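The values are calculated or read from the model by the stated rules, or taken from the named source; none is laboratory data. Every value quoted in this text rests on a predicted model; they were computed, and no experiment measured them. Just so you know, the surface numbers come from the protein's heavy atoms only, side chains and all, with ligands and any DNA or RNA stripped out. Shrake-Rupley method; radii C 1.70, N 1.55, O 1.52, S 1.80 Å.
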Amino acid sequence: MKTVRRLLYADVVSAVVFVAIAFLSLFFFIDFVDELGDVGKDYSAMNAALYSLLALPGHLYELAPIAVLIGTIYALSRLAQSSEFTILRTGGLGPGRALSLLMGLGIAFGVLTFVVGDYLAPLSDRAAAELQARVKGGMSLGRAGAWMKDRLNTPDGERNYSINVTTAAADGELLFVRIYAFDTEGRLVQRIAADTARVDASGLWTLNKVLLTDWTGASNHLSDNEQTAQRYELRFWKRALYPLACLVMVGLALPFAYLHARAGGVSLKVFGGIMLGISFVLLNNVAAHIGLLKNWTPWIVAATPSLIFLGMSFAAFSWLVRYR
């Protein structure tokens, strides 16, 4: 069985890597062409290429489930077309064993997606922001801006601060600064909004046009005032459950191994995989919007698309194993 595992894992991993590289190459080209418009005296084509490279981990995190789905479908379809998977089945690779092998691989892909999304992508995004700040001077930090964290002891106790900066001006001034203070239990107790800010050599922040909102003693501000906090909870659950989508994609690809070659060539099955991936993304986004409108439980909304596709994969797998 070790030989079977080695063969199956090698084919699937190599196919997923190939698909991921193909997608990342496309996104690198798009980002590089977009950055070429800013090439000038201080910003060279080499800087544009480096910035595009630093953006790739973020793209990889977003594309990981789709790459896993397409790559796994390609590998399993190729094995089925060459009758290698049939030989593996006659050699003792039962449906349950095949499913458990691929589920283990799906967990590994999920862990890799988590590491890329929570560690590698933030580091590369920060490096890309620093590159633009160094060679361009001022820059927009994107819709989400740049985030920093700090921890201080205050007269009210220990506070954890999350600082968001939307734009960095060429003269070092920070624009549209938002500072969120949390207590030791993770509850939001204070929000500071400033139009501009400067940081001196000693690390002292000077804020201008400040709006301070304090919720000390009333940390559940949104819930207490009957305001919905669902948007933020849904965003959290979507990110928390996103790596599990790789496990779902592997399960969704397994039925393709049990399709006979007459049911379509590899290219047709890969096209079907692309359509499944697109439908998963669309359902994920639509479910989020409907959940906000209907005020559904956030974690259920975030998990529903994955559960639907996982159910579809098990249904198709059971039908193919029993009747085909």
The chain, helix-only ellipticity at 222 nm - DSSP H runs n ≥ 4, -39,500 (n - 2.57), divided by all residues, nearest 500:
-20500 deg cm²/dmol
Residue separation between Phe28 and Ser279 times 0.36 nm, minus their alpha-carbon distance, gives in nm 87.9 nm
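Would you kindly calculate the mean projected area, averaged across all directions, of the convex hull enclosing the Cα atoms of the range 46-115, in square nanometres?
That works out to 6.2 nm².
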For the chain, state the average projected area of the convex hull of the C-alpha atoms over all orientations, rounded to one decimal in nm².
21.3 nm²
Mean Kyte-Doolittle hydropathy of 0.0 or higher plus an axial Cα length of 20 Å or more: which whole DSSP H helices in the chain meet both?
2-36, 56-81, 95-115, 266-294, 298-323
Would you mind getting the accessible area per residue of the chain, heavy atoms of the protein chains only, 1.4 Å probe, in Å²?
57 Å²
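Could you calculate the contour length gain from Ser318 to Leu7, that is, 0.36 nm times the residue separation minus the distance between their Cα atoms, to one decimal place in nm?
109.6 nm
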Residue of Tyr74, Tyr119, Tyr242 that the Gaussian network model of the chain assigns the largest fluctuation, springs spanning Cα pairs under 10 Å:
Tyr119
